[in-house]
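All of the numbers you see were taken from the coordinates with simple rules; none came from a lab. For clarity, every value in this text was computed on a predicted model and none was experimentally measured. Neighbour counts are summed over all protein chains in view; Cβ atoms, including those assigned to glycine, are modelled from backbone coordinates with ideal geometry.
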Amino acid sequence: MAENQEQTAAMLAAVLSNFTGMFFRGVKASYVPATTHKDKLYFATDTHELLVNNVSYGGGGITDVAYENGVLTISMTDGTEKTVETGKYESAMDDSLATVEDLGGIPAGTTAEELKAKTISQILDDLLFPTVQPTKTDPTATLSLKSGFSNNGVYEVGAAAPVDPTNFTKGYTLGAINIAGVKKQDYAGAPTAQVLYYGSSESQTELPTEIAEGAMKYNYKVTFAAGPQPLDSKGGNATSVTKYAGGSKTATATINGVYPLFATTADISTLTKQALTNGTQLTFKAPAESAGGRHAFKLPTKYTLTKVEALNTLSNQYEDIGIAEFGDVTTANETVQGKPVSYKTYKRNSAALSGETTFRITFSK
C-alpha cells in the first residue's frame, strides 16, 4: 500500500509540474472534463479520486486534497500528507541576480533564487500588496455615573452618595492592532484584575454612603495580561508595534459636594435656597427693599466673605460696594439633609432703602 501511495504522489508531481489551471472539488457525477474542468484539477469527494482531463489518480489511496497559494496538499490513507508545489516562478536569470530597487512589496536586493522559490501568485501578491505594518490602540478603562449622578456634577453635602453598581457603569477595551485603520487583533490580553475604589488608595474599596464637601473621586482600575504577538498584513511578526507586556489602566469619575447658599430672591423678607454651585461666587437679583425686609444672603459660617459687588445697570459692570454694606451679621443653624449646619446671615444695613439690585458675592472656603 505504501509503495502504491508513493507512486501515486510521484505521478501527481509529474502531472502538476506543468499545471497552471484551477482546482475544483465535488462529487464525481459533477465532473465535466470536456468543458468546465478541462485542464483543471478536480477532486471527487465521494470516490476520493484526483482527476486531470478525465485521468484518475489515487483512488482509494487518497482521503482529501486541498489547493492553496500554488501548493497542492494530498492527505493519504496512512495519515501522511504529500505536498506538491505548482506554478513556480521560472526565470533564466542567474540565482545571484538581485533587484536594484523596491518593486511593490518586493524589497531591493531580492535575488532571483529567492523569487524562484515562490509561485507566480505569491510574487504577484508581493508586488501588488506590499507588507503593511500595523499601528496600535492602547487598552482603556472606562467609568461613568448614572441614575441621578453625572461626572463633575454638583450635589448637596449629606445626600446619599453613589453606590456600586446602581450608580456606576464600568467597562474596558483591549485596544487594537490595526492594519490600514482596520482592527485585526486585540492589543492587550484579557483582564486579570478589576477594582473600584474611592480616593487615592486602591485598598479603599468601601465607598462612602454620604456626599462629603469637595471633590469626591471614584477610580476604576483594570489590569491586563500580556497581549498577542502583533502581526503585519502578511502574517509575519510586526516591526512597528511591540507586544503589549501587560499593565493597568485607570478611569476616574468625580462628583462635587457643596453646601447650599441662600439669598433674598423670591421676596425681600425670605432667604431662598439658590442653585447649587461648586464655585466661590454667588450671583443673585434681589427685589426692592421695604420697611419689612432688606437685601440679604446666607453662607456657611466656615466660609469667609471676601467681596460684595453690585451691578451698575448703566455701565453693565459690577462695582465693589464693600462688605460693610452688609454689616448686619447673625449666626444660626440651617438644616441641610437633616443635619444642623452653622450659617451666617449677612443683611444690608445702609440707612437708605435700595431698589432692585443684582449682587455678586465672593467668598473663600
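Descriptive notes on the structure:
- Compactness ratio for the chain: Cα radius of gyration over 2.2 N^0.38 Å (N = residue count) comes to 1.95.
- Computed [θ] at 222 nm, helices only, for the chain once each DSSP H run of length n ≥ 4 contributes -39500 (n - 2.57): -2500 deg cm²/dmol
- Too-long pairs where the Cα-Cα distance tops 27 Å, listed order kept, from Lys217/Lys365; Lys217/Lys347; Lys136/Lys170: Lys217/Lys347
- Using alpha-carbon coordinates, inclination of helix 2-16 to the longest axis of the chain, degrees: 80
- Förster radius 45 Å - calculated FRET efficiency between Val27 and Gln194 (Cβ-Cβ, nearest 0.05): 0.25
- Full extension of the chain segment joining Ser350 with Asp320 gains 9.3 nm, where the gain is 0.36 nm per residue of separation less the Cα-Cα distance.
- Spacing of the two label points (7 Å from each Cα toward its C-beta) at Thr119 and Val163, in nm: 6.5
- Multiplying the residue separation of Thr209 and Thr137 by 0.36 nm and removing their Cα-Cα distance gives an extension gain of 22.2 nm.
- Loop-located GluC sites (Glu not before Pro) in region 272-365 (DSSP state not H, G, I, E or B) with no more than 16 neighbouring Cβ atoms inside 10 Å: Glu356.
- Binning all Cα-Cα separations of region 140-265 at 10 Å, short to long from zero, yields these whole-percent fractions: 12, 33, 23, 17, 10, 4, 1, 0.
- Each residue in Ile255, Ile74, Ile321 was given a count of other beta-carbon atoms within 10 angstrom of its own, and listing them fewest first yields Ile321, Ile255, Ile74.
- Footprinting exposure proxy for Leu50, Leu97 (fewest neighbouring C-beta atoms within 10 Å first): Leu97, Leu50
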